[in-house]
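The values are calculated or read from the model by the stated rules, or taken from the named source; none is laboratory data. All figures in this text were calculated on a predicted structure; none of them were measured in a lab. Please note: Cβ atoms are built from the backbone with ideal geometry, for glycine as well, and neighbour counts cover all protein chains shown.
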Amino acid sequence: MRPVARRKLQCRTQQAYQISERRACSILRSNRSTVRYLSVADPQESLRLRLRQLAAKHVGYGYQRLHILLRREGWPVNHKRVYRLYREDQLCLRKKPPRRRVACRKREDRPTATRKNECWSMDFVSDQLYDGRRIRVLTLEQFTFIRSDIHRN
């Protein structure tokens with residue numbers, strides 16, 4: 001039985017049979033401290049709410065920048081407390097993916113080579129021999145001729 005339900009049952013028993021709190025707790029086998037417990041509201045709830053609002057407004061800001069904004073608004077708050085609340089509310093920013101080759105992202109055509117030693121290319125070639133072994137070769141090609149007269153049939 002949950003403590004809230006136990007408190008209600010203890011209160012009803014105490015009023016119905018006109019017995020003391022101590023006697024009602026002993027009959028129901030519950031602790032008096034559980035019956036007398038009053039939940040305390042989170043003192044940081046207003047700060048937590050404002051932190052969530054700022055994080056929603058400024059999506060790219062981390063906890064340090066949000067701490068500065070809170071201080072500017074007049075909140076007397078420590079950066080360690082801001083970080084703790086930031087983590088508890090799971091407001092942490094995701095890790096950005098590593099940057100890849102920029103030309104591939106923008107899908108730009110690479111410039112064509114017009115003279116010798118302006119463009120080099122490399123490629124790995126792999127093949128399998130008759131007995132199952134693999135052979136791997138790195139091929140390097142230096143731009144030395146113009147391929148304008150190649151025709152495909």
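Worth pointing out:
- Of the helices (runs of 4 or more DSSP H) entirely within region 18-106, those holding at least 1 residues that are of a type outside the set (V, I, T) and surrounded by 11 or more Cβ atoms within 10 Å (Cβ to Cβ) occupy 21-28, 32-36, 45-57, 63-72, 79-88.
- A search for C-beta distances below 8 Å between a residue of region 72-96 that is closer than 16 Å to V59 by Cα and any residue that is at pLDDT below 95 and surrounded by fewer than 12 Cβ atoms within 10 Å (Cβ to Cβ), counting only pairs 6+ apart in sequence or on different chains, returns L93/G60.
- Residue check, E88 out of contact with any Cys (no Cβ under 7 Å at 6 or more places or on another chain), closer than 30 Å to R6 by Cβ and modelled with pLDDT of 90 or more: yes
- For P111: the one exception among (1) in a helix (DSSP H, G or I); (2) under 30 Å from E141 (Cα atoms): (1)
- Reported count of residues in region 1-17, each being surrounded by fewer than 13 Cβ atoms within 10 Å (Cβ to Cβ) and of a type in the set (S, T, Y), is 1.
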